[in-house]
1. What helices (runs of 4 or more DSSP H) lie completely within the stretch 176-287 and have 2 or more residues being within 16 Å of the ligand (Cβ to nearest atom) and not aromatic (Phe, Trp, Tyr)?
2. Answer with yes or no whether residue 124 is free of Cβ contacts under 8 Å to residues at least 40 places away in the same chain, within 16 Å of the ligand (Cβ to nearest atom) and farther than 19 Å from residue 278 by Cβ.
3. Would it be correct to say that residue 164 is within 16 Å of the ligand (Cβ to nearest atom) and modelled with pLDDT of 95 or more?
4. When the stretch 51-72 is examined, which residues are found to be crowded, with 20+ Cβ neighbours inside 10 Å and either closer than 29 Å to residue 222 by Cβ or among the basic types (Lys, Arg) (or both)?
5. If you check 48, 30, 34, which single one turns out to be farther than 27 Å from residue 295 by Cα, surrounded by fewer than 18 Cβ atoms within 10 Å (Cβ to Cβ) and either within 16 Å of the ligand (Cβ to nearest atom) or free of Cβ contacts under 8 Å to residues at least 24 places away in the same chain (or both)?
6. Please find, among 111, 133, the residue that is at pLDDT 95 or above, surrounded by 22 or more Cβ atoms within 10 Å (Cβ to Cβ), more than 16 Å from the ligand (Cβ to nearest atom) and in a helix (DSSP H, G or I).
7. Would you pick out the residues in the stretch 88-108 that are outside any loop (DSSP other than H, G, I, E, B) and more than 13 Å from the ligand (Cβ to nearest atom)?
8. Given the structure, is residue 119 touching a Gly at 6+ places or on another chain (Cβ under 9 Å), farther than 24 Å from residue 77 by Cβ and either within 16 Å of the ligand (Cβ to nearest atom) or not in a helix (DSSP H, G or I) (or both)?
Amino acid sequence: MNECDRISAKLGKFRPSLTLELKRLASERLQQGLPVFDFGLGETKGELAPHIREAGERAYREGHTMYGDPAGLPELRQAVLDWLGLTGEYSTENVVITAGAKQSLFNIFLAVCNPADVVLFDAAPWVSYQPLAISAYASPVMVLPRSGTENHFKVCPEDLRRNLKMRPHAKLFLLNNPVNPTGQLYVAEELEALLQVCIEHQIYFVLDRLYWRLVFDGHEYPDPRLDAETKRWVIQVDGLSKNFRRTGGIRIGWSVGPNDVTQAMVNLQSHYTAGPAVPTQYSALAAIRNDYDPELKRDLQRKRDLLHSEARGLPYVEVWPTPASFYSFWDVRATFGKKTPDGSTICSSDDLAWHLIESAGVVTGSGAAFMQDGFLRISFATPDEQIVGGVRATRETLQRLQ
Ligand code: PLP
């Protein structure tokens, strides 16, 4: 065997997930006693709610540690339907509990794609969509909006139609709403128009709604239309990681979709993971069974406002509005071609992101990781003093560019 054949061509080219890499970098600087302003992580901070923690502890104490149903605990699947307002629309047979939303997405690619089938993503796809699709031998393609940045990278039906015409092997369109990384929200009419195109072309409409409770300014999350026509094609993905505090590591997600697709995913899980860890499913059950407390949403909306008011007048930066999620998206293309004090030239958002970390300890997400060079993703799920200090350090760094 050739040295270069030791790892498959598919996985050999993978880089670690950007967000985990950022976490490592930030902790390295902290260990060295250097300042860190952390806008990198896609994770809520604060205390884990006691009822979520206690449910997990109780599960261990009471011996809920044997193999469970590979589709997930029946009571959790029912709670998922209640949480998403889907009781009456679907039964528990349509729900699969997974080890985080990531696994739901991977299940979907594996369940519906043949090798070389095209999967369509929006213009700034979340970092793991492509590696997951490629691992399932599907071919990811980005739908680029004709309007460019005018509508903040939101895709419209004409954009989708144009791509579907060129790609008869498209199997699904994956839409993330609210959008990580851009912080945008597709409103009900926009969502319905895209869904309608998928129905016309008989492709799956996969809706990743992981941030759906974090919609600001009094707006409601727009649910997709569900009737006999659409239910055959809509698959929704959600999970525990973002809408609560400190729950990303509990690693529970879920999907709700048509019977045949769900059954295929359960069959896969029965061989693959045998279902996610049972005690953590009890934690998830406690989280979503309770009435949802909008405290996190209110706090994040306040942090968004703080960030945007601090960032006013930042040189070379255009800050996009953030109607949802906890990401502010910054257009930093005006820094390209500028020189740093040590004489190197900023040519990409990777360059700028590295320069911000190295010179000021400001950790951001480079737009390049989301296929959009020229932008930075700023996570404002971070303490207020980090927001204020981090924007100040960013301003000073940008002012030194020439
Ligand atoms: N989808 C989006 C848009 C995300 O931002 C993330 C995590 O950051 C995931 C899916 C995966 O979520 P989980 O941590 O539940 O696997």
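1. Those helices (runs of 4 or more DSSP H) span 259-272.
2. So residue 124 fails the test.
3. no
4. Correct list: 52, 71, 72.
5. Going through 48, 30, 34 in turn, just one is farther than 27 Å from residue 295 by Cα, surrounded by fewer than 18 Cβ atoms within 10 Å (Cβ to Cβ) and either within 16 Å of the ligand (Cβ to nearest atom) or free of Cβ contacts under 8 Å to residues at least 24 places away in the same chain (or both): 30.
6. Going through 111, 133 in turn, the sole match is 111.
7. Passing the criteria: 90, 92, 93, 94, 95, 96.
8. When the stated conditions are applied, residue 119 does not pass them.
The values are calculated or read from the model by the stated rules, or taken from the named source; none is laboratory data. Just so it is clear, the structure is predicted and the values come from calculations on it, not from any experiment. Counting neighbours? That spans all protein chains shown, and the Cβs are built from the backbone with ideal geometry, glycine included.
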